[in-house]
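Student: Just dropping this structure here.
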Amino acid sequence: MQNYQDEVLYGRLSGNMKFVGIYYMIMGVISSLTIIGAIFGVPMFIAGSRLRDAGENFLLYQQNKDNDTLNRGFNLQNSSFFILKVFIIIGIVFMVFYLIAIFTFLSSFDFSSFPRT
């Protein structure tokens, strides 16, 4: 099992992490083109950068088997996932407020004035 992890798992994981990290970095830069978008874009860029760096550390671990490199990779991955988790929680909260606002608006609307067909 250890041989499989060293040869295949860390290489594929590193490639996937680099790809997703670069995607979040690009989306962070695009979001940061406006001032309000920068509020979300800068942390998104930081999360992507940390995820890409974690992927590079996993690839370095695969090559030199240094436990400090593996630990650094896991710490960078953890900090990236924490930032993304905060984004998910903020998104869920905004979605709930949005749905409450829609239902409040629709419940205050008078539908009896529409003609019936």
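Student: Considering the stretch 61-117 alone, what residues qualify as being among the polar types (S, T, N, Q) and touching a residue at least 24 places away in the same chain (Cβ under 8 Å)?
Tutor: Gln62, Gln77, Ser79, Ser80
Student: Answer with yes or no whether Asn71 is surrounded by 12 or more Cβ atoms within 10 Å (Cβ to Cβ) and out of contact with any helix residue (DSSP H, G or I) (no Cβ under 8 Å at 6 or more places or on another chain).
Tutor: yes
Student: Let me ask something additional. Please specify each residue of the stretch 18-29 satisfying the condition of being surrounded by fewer than 17 Cβ atoms within 10 Å (Cβ to Cβ) and in contact (Cβ under 8 Å) with a residue 24 or more places away in the chain.
Tutor: Result: Ile22, Tyr23.
Student: Only residues in the stretch 31-53 that are without any contact (Cβ under 8 Å) to a residue 60 or more places away in the chain and within 17 Å of Val20 (Cβ to Cβ) count as the first member; pair them with residues that are of a type in the set (Lys, Arg) and surrounded by 16 or more Cβ atoms within 10 Å (Cβ to Cβ), Cβ under 9 angstrom, at least 6 apart or cross-chain, and list the lot.
Tutor: Leu51/Lys18; Arg52/Lys18; Asp53/Arg72
Student: Here's another thing I want to ask about it. How many residues are of a type in the set (Gly, Ala, Ser) and surrounded by 11 or more Cβ atoms within 10 Å (Cβ to Cβ) if we restrict to the stretch 74-113?
Tutor: 3
Student: Using the structure shown, decide if Ser32 is under 23 Å from Phe94 (Cα atoms) and crowded, with 19+ Cβ neighbours inside 10 Å. First the steps, then the outcome.
Tutor: Details: under 23 Å from Phe94 (Cα atoms): yes; crowded, with 19+ Cβ neighbours inside 10 Å: no.
No; evaluated as a whole, the condition is false for this residue.
Just so you know, all these numbers are worked out from the coordinates, no wet-lab data involved. None of these values were measured; they are calculated from a predicted model. Cβ: placed from backbone, ideal geometry, glycine included. Neighbour counts: every protein chain shown.
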